[in-house]
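Accompanying notes for the structure given below.
What follows draws every value from the coordinates through simple rules; no lab data is involved. Computed from a predicted structure; not experimentally measured. Cβ placement follows ideal geometry from the backbone for every residue including glycine, while neighbour counts extend to all protein chains displayed.
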Amino acid sequence: MKNMISIQNLNYQNILKNINLDIPENSFISISGNNKCGKTTLIKLLSGLLDDQESIILDKVYLNSLPKVELYKQVSFVIPSLSLPFIFNSVEKELLFVLDNLGLDSNTKKNRYKKMISLFNLKNDTQKDPHQLFLFLKIKVLLALAVIHKPRVLLLDDITLMLEKDEKEEIFRILRQLRKEGITIIMATSNLEDSLEADKLVILNNGTIILEGKPLEVLQEDSLLNKIGLRLPFMVDLSLKLKYYDLIDEIELDMDRMVNLLWK
């Protein structure tokens, strides 16, 4: 599979050390680790907010050689810790402003706007002031603004950190649809449970990659993960304990199926 991004021997100040990582096109990569492990810095480097020394390749071109205008056509990001970039007093005006600057014909512009409103379930929120929205709606609007121009790569930094379970489920529904449309997603998260949605999980510790692979395979390294202060998702932790006593054979993420297995 073609790589959308290749990271080769990336070192950044004293934060990231010898990072090597290939990110296939149209994949979903989760990056996790404890506080100050370097995951936010890595997202900022991939977004072009921080400059690296020719260690990041975007589709065969060094990231730092791309003009910022061209880079932001291809790579978009949502980093809630940054100042919110809202300009106007309604969600509708925010979205239309981006569309107005894409040079689209009126029909394409209208259809793109309708699609965003539908995908992000914003029908009842278009006239609201984005500055006044509660967190979940702000995240959805920021995501919509990030993808309305159809980037190739979407970078996310802990966007689900303060969300409720049903809110997270809606965000991941949206992300699954964006993948179907060909967007490569790279998500930094402090919550390992969110990583279960990804194709690949990368664990950082003190600025280096210490584990990487399919999420369920990585999460079975529970001793190492606990050692660096990461909490396993409840169902994964329970499964590993039951596997230890030979009560089940594989990790089970669904509680009802778990109960059925135990009562067989």
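Suppose only helical runs count, i.e. DSSP H with n ≥ 4. What mean residue ellipticity at 222 nm does that imply for the chain under -39500 (n - 2.57) per run, divided by all residues and rounded to the nearest 500 deg cm²/dmol?
Value at 222 nm, helices only, nearest 500: -11000 deg cm²/dmol.
How many angstrom lie between the Cα centre of region 196-253 and the Cα centre of region 1-39?
Each part's Cα centre sits 19 Å from the other's.
Counting Lys and Arg as +1 and Asp and Glu as -1, each charge on the Cβ, what is the dipole of region 76-196 about the Cα centre in debye, to the nearest 20?
580
In nm, to one decimal, how far is the modelled label at Asn260 from the one at Ser6, with both set 7 Å along Cα→Cβ?
Result for the modelled spin labels: 4.5 nm.
Which of the listed residues, Leu240, Ile148, Pro80, is farthest toward the dipole's positive end in the chain, when Lys, Arg count +1 and Asp, Glu count -1 at the beta-carbon?
Ile148
Net charge within 10 Å of Leu16 by Cβ-Cβ distance, Lys/Arg positive one each and Asp/Glu negative one each, not counting Leu16 itself?
+1
Beyond a 30 Å Cα-Cα separation, which of these cross-linked pairs lie in this structure: Lys39/Lys114; Lys17/Lys241; Lys109/Lys138; Lys36/Lys114?
Exceeds cut-off: Lys39/Lys114; Lys17/Lys241; Lys36/Lys114.
Taking the Cα centre of the chain as origin and charging only Cβ (+1 Lys, Arg; -1 Asp, Glu), how large is the dipole, in debye to the nearest 20?
Dipole size: approximately 740 debye.
Once a ≥ b ≥ c are taken as the square roots of the eigenvalues of the Cα gyration tensor of the chain, is the result rounded (a/c under 1.5), prolate (a/b larger than b/c) or oblate (a/b not larger than b/c)?
Cα axes put the chain in the oblate bin.
Within region 11-87, report the GluC sites (Glu not before Pro) that DSSP leaves as loop and that have at most 14 other Cβ atoms within 10 Å.
Filter output for region 11-87: Glu54.
How high is the relative contact order of region 1-44? Use alpha-carbon pairs under 8 Å, at least six apart in sequence, and give a whole percent.
Here the relative contact order equals 35 percent.
Can you give the angle from 0 to 90° between the axis of helix 91-100 and the longest principal axis of the chain, with both taken from C-alpha atoms, to the nearest 10?
Orientation of helix 91-100: about 70 degrees from the principal axis.
Expressed as a rounded percentage, what relative contact order does the chain have, with Cα pairs under 8 Å and six or more residues apart?
25
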